[in-house]
Every structure is written in C-alpha cells, then in structure tokens.
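For reference, the structure discussed in these notes is given below.
Values quoted throughout were computed directly from the atomic coordinates according to the rules given, and no laboratory measurement underlies them. These numbers were taken from a predicted model, which means no experiment stands behind them. Methodologically, a virtual Cβ is constructed for each residue, glycine included, from the backbone with ideal geometry; neighbour enumeration extends over all protein chains shown.
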Amino acid sequence: MSDDRTQLAVLLFTDVVGSVQLKTRLGARSYASLVARHDALFSGVLGELPGAQILNDLGDGFLARFATAADAVQAALRFQEALFDQVWDADPLRVRIGVHVGQVEMLDEEPGGRRKVVGLAVDMAARLTDLALPGQILLTRGAFDDARQFLREGDRGEGDGRDGGRVRLHWVAHGRYLFKGNDDALEVFEVGLDGLSPLQAPPDSDKARRAVAADELETLGWRPARGLEIPRRAGWVLERKLGEGGFGEVWLARHRKTGDGRVFKFCFDAQKLRGLKREVALFRLIRSGLGERRDIARLHEVQLDQAPYFLECEFSEHGSLLDWASQQGGLERIPPRQRIALVARVAAAVDAAHSIGILHKDIKPANVLIYFTEDGEPRPRLADFGIGEVVDRSKLRDHNISMAGLTHAPGSSRGSSYTGTQMYLPPESQAGLPFTVRGDIYALGVLLYQMVAGDLRRPLGHGWQRDVADELLREDIERCVERDPERRLATAAELAERLDQLEERARQRERTRRRKQRETRLKSIVGMSIGAAAALFLLFFGAVGLLYKERWAKDEFRRAGQAAERAERTALAEAARARAAEGAVREEKLRALDALENAEAAAMRANEMKEFLKLCFTSIESDRARSGRGYGLVDLLDDAADRLARGLCEQPEVRAELHEALGRAYLKLGAHQKAIAQLDSAIEARGGEGDRLLLADAQVVLATACREAGGMALGRAESLAREALRTYDDERAAGDRSMRAIDLLCRVLLEHSVREKAREVVSLAERGLSLAAGDKVEDRQRAALLLTHMATAHEQLEEFDAAIQRHERAMELRRATDGPDSEAFIGSLCNVANLQRRIDPVRAVAAFDQALADARRALGAGHRLVLTLQAGRALCFVQARSTPAQLEEALAVLSRTYRPLKRFLGEHPLVIEVQGGVIDALLRLNRLGEADRWSANPDAEAAKHPEQT
C-alpha cells in the first residue's frame, strides 16, 4: 500500500438527534424535506472553508474532513448557529457533533468521486458524536488544543451577534471518559456558544462513562483560548499560548484599553496546585527579602481560591533569551562581550535569590526574560520559580509568609521530587541526590557555555571545550560544571565577578606570561650541542629495543656511548685549538675565547648527555634484574622523565633537548598528557632570548600533542600553531617549517566545525598551496593535503561544488604521486563518496560501489578505509527513502562495521554516525526496543553481530 493512503486527518462527524423518531412521526416525505434543508446548510458552511470536503453522507449526518482543527470547529459552530436560526414548522432539528484528529486510511475512489476513509480515528469521531447532547460540539484533546490557539470570537463570520448582544464563545473541559472497547480513558472537551450549546458534561451511556475522580472536578470547566477574557480579571484578553507543563498552561494576555501584556500561568491539576502555591511563597519571600529588583520577574496577581487557578506574572515584550536571540538573527549575531555580560547579570540575580535561601532549580534560556534599559542596553530578568525551593524555612517565618505548597508529598525525597530541564540538571540530581546551591551553579555553567558557543540549544557534551577558544572562559565554565559539586564555584556571585573582570583577568595573565619569559632567559643553543643531544637521544630511544632484542639493544647503547665519547673528544680538541689561538692578536683572541667557551660548553653538554643516558640504562637493567619483569616503552620513558625532573641533568640546553625528545616519544605512543608536560618543559627551557626558530619548532610539536589530546587542549593548540606561524613569518622561514605550521593550524581550525574558522582554513590553505608550487613529489603531496583541508572547509560552509572540485584535484595529485593503489588515493575516493552522500545519498551509492571495488583490490577486505566505505554506502540507504529490505541490508552492514571502525578510529564522528544510522534504521523498521538498546549500550549490541570483513 502506497504511503499517500495513510494520512493524519481532522474529522468531523454530525448526527441528527432522534432521527428515527422524527422519521416515524413526520413520515418519509416530510423527514426527507427536513434532511434536505439540513444537507444544504451543511454544504453551505463547508463551501466557505477551503480544503473542507464531505467524505461520507450518512443519510442523517455527515463525515467530513478539514484542513485544520480550527476550520472544523468554525464549521461546527456555524452549522449549529444556522440550524438555530432556521424557522421550523414542527420540532427544531437538533444536531450533535464530534471532532477528532487521527490517522486514517484513504481507499480508492468510489463511483461518486469520493474516496472512502477507514480507521480507528473514524470510529473515535463517531463514538464522540454518540456521547454528545443535542446541540453539543465535543472534541478530543488534540483537536481542542489546536483549535483554541487559532480560533477566537469574531472568526465565525457574519451573524455572530444575537439579540443585539455579544455571543460568548466557551471552551470547556469535561474530564476523562472510558469508551466501550477502549482500555484507556480519553479526555473530552466542548466548544460552544451562550444560549445555543449545553456547556455541560454529557451523561454516561451504555457506550461511554465518565471517569473523573472527585478531586478533579474543581479543575474542570473553563479553559483558556485565543480572544477570551479571563474570568474575574476584567479587560484582560488572551492573545496566544506561550507553553505548557505538568501543572497546566501559560498564556499571554493583553489589557483591552492599555495594551499592557501579562503572563498567566493556569493550573488544571488539583495535585499541582502545590507548585503554584510554592511559587507564590517564593515570590513573596523575594519581594519581602530583596525588595523590587529589575533582574527578577514580578508577580502581579494570584487566584488560588477558585477555578480557574492562575498566577499573573510580569511579561517582557522582547520575550525570553531564546526569543530575543532569534529576533537578532541568531545568538552569533550578538557581540560576545554582550552575551557574557548577560550571563554575569543572571548570576547576580541567582546569587540574590540564594542570599535569602531560595534555589531556582530551573535556570535555562526560556526562564530568562530580556528587557531594555533607558539607554537601549539589553538586560536579563530571571523568571519562573515554579519548582524552586526554600532551603532555610526560618526565612519564611521571619517574613511572615505561609509555608503552603512548600512541604513535600509523603514518600517523596527533597531534591528529587521536583527537577528542572534535563540539559541543565546537575549530575548529582540525575543520581537522585538533593539539589543544592551548586546545582544552580551547574546550570549557570551550561548557560555560559551555550552563550559563548553561540547556540542556546547545544548540550554540554563530551569535547565541549573545543567550542570555547578563550582559555579563561573555559576555566570559568569548568569551575561551574565539575562533576563533583564540592569542586564547583561556591557562589553565583563569584561567577558574576569573574565574568565582570574577564578583560582585566586576561591582561593580568598576559603580564604574568611575559614576566616569566623575561625571568627564564637562557643562552642560545649552539649547533654542536643540538646535534650531539639529538643524535645521542635518538640512539638512546632506539636502544629501547632491549625490550624485544636485548643483545641488539646493548650494542646500540654501546654505540651511543662511543658516539658521545667521540663528541666529547672532538669538543675538547676544539677547546685545545681555541687555547692555542690565545696568543694571536686581540681580535683573534676574543674570537678564540668565544670558541673556547662554546666548545667547552658543547663538551660539557655531550658528557652530561652521555652520563644521563648511562644512568638511565644501568638503572633500568638493575630494576629488571631485581623485579624479574620486563619494561614497556612508557615505563622506560617515565623513568627517564622522572630522573630528568629530579635534576639529574643540570645543563638547561641539554634538559631542553631531552624534554623535547621525551615529548616526541610520548606523542608517538599516544600518551598525550605526558607528551604535553615534557614539551611544555622544553619550551620553557627554550624561551627568553634563545633561538626563535627552535622555539617555534617546539611550539609546533606541542600544538600537535594538544590537538591529538583534544578537548580543552584544542584551543591551546590553535594559539601555539598561530604563534609558531607568526615566528616563521617574522624570521622569513618559509618552506617546510611554514608548511608544517599551516597544515597543523588547518587541522585544528577544522575540528572547531565553525563557519568563521572554516573560512580561515580556505585562506590558509591557499597560502600553503603557493608555498607548495614546486614539481617535487613532496610538493605535490603537500598540495594534495592542503586541497583536502580546503574541501573539508567548503563542506562545513555547505559550498559543496567547491568541495567536490578540491577533492577531485587532491585525488588527481595522489594518483600521480602515490599511485592508484595507495592508501592516500583510496582515502580521496572515500572523501568524494562521503561528500556526495551528503548531497544526494541515492546517487552516491554508485560512487561508493566504485570506490569499494578499488579499495578491496588495493588494500584488502579488512582495511579501515574499506570498512569506512562499506559504512558510508549503508548510510546512503538509511538517509534515503529506502524499502524495508534495503534498510535491513544497511542495518546488517552498519551493525557489523561499528566495532572494527571504533577500534580503528575511537570516538570519531563516523563511528557516532554509524550508531545513529543503526538507530534510525531500527526506528523506521519499527524495532523500537532494539533502537533503545543501541542508544543505551551500542558496544554490547554490536557484539551480537559478526564483524564486517
């Protein structure tokens, strides 16, 4: 059966009340005349509403379909009014109507041109009509909620006035009814007019009975709707619905005369009245304890003694922070300084509430209103203390405020009974622990992160630090969102102060950094010491092979020692020659003294390097003999790093070289934090007035380690790469050095996935291409790499044509330099196929098929690029409109590739996309339980499937 047959429809059922009795009493001809008038009136009403159509003529009623629930209600009201206005010879014709929204099946057209409609929704509309009283219009929840947001008095066309007065429209809740054949009770509602409609709950029948508890009766009846005046609040007319929750609904109302706006929070659940009473108590405590504050919303009126129950609160014309950001064209259009200032003021308001013992517990953008000062500056106003809590009840007694609504239901636990929005909820609350001041601090941290990242709907997920370039702001957010509450900031005032002083803190940190650089001036490292240190340590690291081939390792160490001795002898010979030159003329003597000093320093460094290596090696041999266990590579490096930290190597230049070598070794082993620590020490040793190019080289290595570490280190990687590139530019060191820095900076910027950063990558890569314009193989390989960076940036900018062009140029270069069977070339094929999947997943399948054939032939079935291509091809079918059979096939491939891809790539975006593809496929196949399990524990689910080969 084709998809267009199953549709969501707004259905309206009509039925002539007592049609059998009328037909018996009047006779067939007279009854037919009445029904003809009935049919003409109904057809006339439908003719005025676009999209309305009769689906079935039932003889004494109709089944009709409408474009919207508001149209259906409008038709029902007009039809009831038209029947009421008719002059009838005998008894007036009375009609009952039911309106329901649900899914139906549209069958083939019947001879009359109408399509037959079937489904449970049709049955529900008919049952609702059977329940209705004469002249009554009943609705189910969906139709009722939809219609009353759009239909208002005056929308029914001409004839709305009756007897010169105003005909009032009513929207009424009658509670739940249990219909025969249904397991669950359904809520029933009524829309009607004064003098025409019953506006009362329909009685029980053999087909339906009311299922309303005694304590629910007081909250039934009147419901808010667009254009209605609020009972007992003369002049206040409802304009639009703002939201809803477990307690009821939130509406905006305006005064007819003044045009002022207020927010009305209506409660339709007797059990939730406690929440409104709590909010009243909190507002009264705020007013009594803090006075009128512009940064906390005010409570104007309260009605809790009779229905409808509501709170009347302050309204902001600019709406919430979410609304205001949208009005500005997005949060990213608002200056960062202004965003941070708003969070600082929200924190100040929260701290004021905390000062009188109030926890807000639901801090989020929707609960921050925006108003403007007289000079046009935006300011925040904290609102909605509906689930707030008073942690010090004595404050209430001090201010003579009732504790109604502030006690907890039996069996509930304080702190877990009322919880806020999940995205802003602290970890301890999710674990069922009590909510504290530091729970609000956590929510402020999430809000600050969103404001800095430029997206108020972005959750604080793993790797959030890469969205925050400013180091100080990263620290502030971290201090708010620590998993351990005790490690968070103690007060909201502390956050407000840190944000207010952000610029001064940045200046102070820069002054401290410069002072340390001045204090750490070291002598420049002469070429001989660099060569000796680097060569010796590389030989030492090569000797790590003792873990696997002990004899070879000892030979290598012996060669390292011999090389050090030769370097020492050479340096001493240079020193002797320098001493011999002392008898020359004064200028020559000065040069000889410099040579002597440098040569002796080189000899000392070479000797210290030799002694340090010898000490490390003999210590390791001793430890192995004593413990009887083998040493891993990291053990060996840890031992050397520990000895270096204890000052066993005294020469600063040698220490710098050893730190850098250790950092490079740690980096190759994936020990990123250890690598960063060693490289930091190397840079510190190379700072001051030393060789700037060597310092920049060390910064590039450190930036590489920070990038691979990811998370909050990503911002530091960007800063280091930029600084190194500036140094190369200043020193006119174009070529290999600049190319390495440009490549690294492009990689770091692309990991941010921000449009502004992507645009900079395009510019940087174009600069790099000008440096790699030669005909050497290395130049072409570098050009291909830069073209790939440019293509990725164009993808992030959604400039897909440019991205494809760059990928294809990179692919041509890699075919020419590396060959069609190389991993580099197959990687380019993979890039092009995945980009085509983003543009058109159906057409991309052919590209994946060709790439897979080449990859399997060149690399073998188990290679990571083959697995990547298999997963990408399967995702094409998940993203397209595929048949169930195609989805099943794609699901099988994705399930089998998940584990090997995760083993190769770790928490890579492709691995996450594969998991998402599995879940999407399961949902479309209606396998909801499996989808939930894949979402909760993908590794366990993937283990049930054989891995893709």
Inset, instruction - Determine the distance separating the Cα centre of segment 39-96 from the Cα centre of segment 795-812; give it in Å without decimals. - result: 59 Å
Inset, instruction - Kindly write out, for segment 210-217 in residue order, the coupling ³J(HN,Hα) from the Karplus curve 6.51 cos²θ - 1.76 cosθ + 1.60 (θ = phi - 60°), rounded to whole Hz, with x marking Gly and Pro. - result: 6, 10, 10, 6, 4, 6, 8, 4
Legend entry - Efficiency of FRET between GLN886 and ARG457 - r from beta-carbon atoms, R0 41 angstrom, step 0.05: 0.80
Inset, instruction - List, in order, the whole-Hz ³J(HN,Hα) value for each residue of segment 658-675 obtained from phi through the Karplus relation with A = 6.51, B = -1.76, C = 1.60 and θ = phi - 60°; use x for Gly and Pro. - result: 5, 4, 5, 5, 4, x, 4, 5, 4, 4, 5, 8, x, 8, 5, 5, 5, 4
Inset, instruction - Within segment 294-314, find all residues whose amide N lies under 17 Å from a label point positioned 7 Å from the Cα of HIS255 along Cα-to-beta-carbon. - result: 298-302, 312-314
Inset, instruction - Compute the FRET efficiency between VAL118 and HIS863 as 1/(1 + (r/R0)^6), taking r as their Cβ-Cβ distance and R0 = 45 Å, and round to the nearest 0.05. - result: 0.25
Legend entry - Karplus (6.51, -1.76, 1.60) ³J(HN,Hα), θ = phi - 60°, over segment 490-496, in Hz, Gly and Pro reported as x: 7, 9, 5, 4, 5, 5, 4
Legend entry - Cα radius of gyration and Dmax for segment 787-838 (Å): 10.4, 31
Inset, instruction - Return the subset of LYS241/LYS265; LYS668/LYS757; LYS668/LYS776; LYS272/LYS361; LYS23/LYS116 for which the Cα-Cα distance in this structure is over 22 Å, preserving the input order. - result: LYS668/LYS757; LYS668/LYS776; LYS23/LYS116
Legend entry - Relative contact order (%) - segment 819-949, alpha-carbon pairs under 8 angstrom, separation at least six: 21 percent
Legend entry - Around GLU478: net Lys/Arg minus Asp/Glu count, Cβ-Cβ under 15 Å: +1
Inset, instruction - Take ASP89, project a point 7 Å from its Cα along the Cβ direction, then tell me which residues of segment 15-52 have their backbone nitrogen under 12 Å from it. - result: 26-35
Inset, instruction - Tell me which residues come under 5 Å, amide H to amide H, from GLY102 once H is placed; ignore anything under 5 positions away on its chain. - result: ALA9, LEU11
Legend entry - Over segment 819-949: Kirkwood hydrodynamic radius from C-alpha pairwise inverse distances, Å: 14.7 Å
Inset, instruction - Would you mind checking which residues have amide H under 5 Å from GLN136's amide H? H placed 1.01 Å from N; only 5 or more apart, or other chain. - result: ILE97
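Relative to the present Cα-Cα distance, how much length would full extension add between LYS668 and ASP108 at 0.36 nm per residue of separation?
Details: separation 560, 0.36 × 560 = 201.60 nm, distance 6.80 nm.
Full-extension gain reported as 194.8 nm.
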Legend entry - GLN200 versus ASP183: modelled label distance in nm, points set 7 Å from Cα along the beta carbon direction: 3.6 nm
Inset, instruction - Name the residues whose placed amide hydrogens come within less than 5 Å of the amide hydrogen of LEU228, ignoring near sequence neighbours (fewer than 5 apart) on the same chain. - result: LEU238
Inset, instruction - Round to the nearest 0.05 the FRET efficiency obtained for ARG511 and PHE904 when R0 = 45 Å and r is the Cβ-Cβ distance. - result: 0.45
Inset, instruction - Please sort 342-353, 921-932, 126-137 by packing, taking for each peptide the average over its residues of neighbouring beta carbons within 10 angstrom, highest first. - result: 342-353, 126-137, 921-932
Inset, instruction - Based on other C-beta atoms within 10 Å, arrange ARG176, ARG148, ARG515 from fewest to most. - result: ARG515, ARG176, ARG148
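Given an 8 Å cut-off on Cα distances and at least 6 residues of separation, report the relative contact order of segment 236-506 as a percent. List each step's numbers first, then the result.
Details: 461 pairs, mean separation 48.4, N = 271.
18 percent.
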Legend entry - Of all DSSP beta bridges in segment 3-222, antiparallel share, percent nearest 5: 95 percent
Legend entry - Ranked ILE683, ILE742, criterion: other C-beta atoms within 10 Å, fewest first: ILE683, ILE742
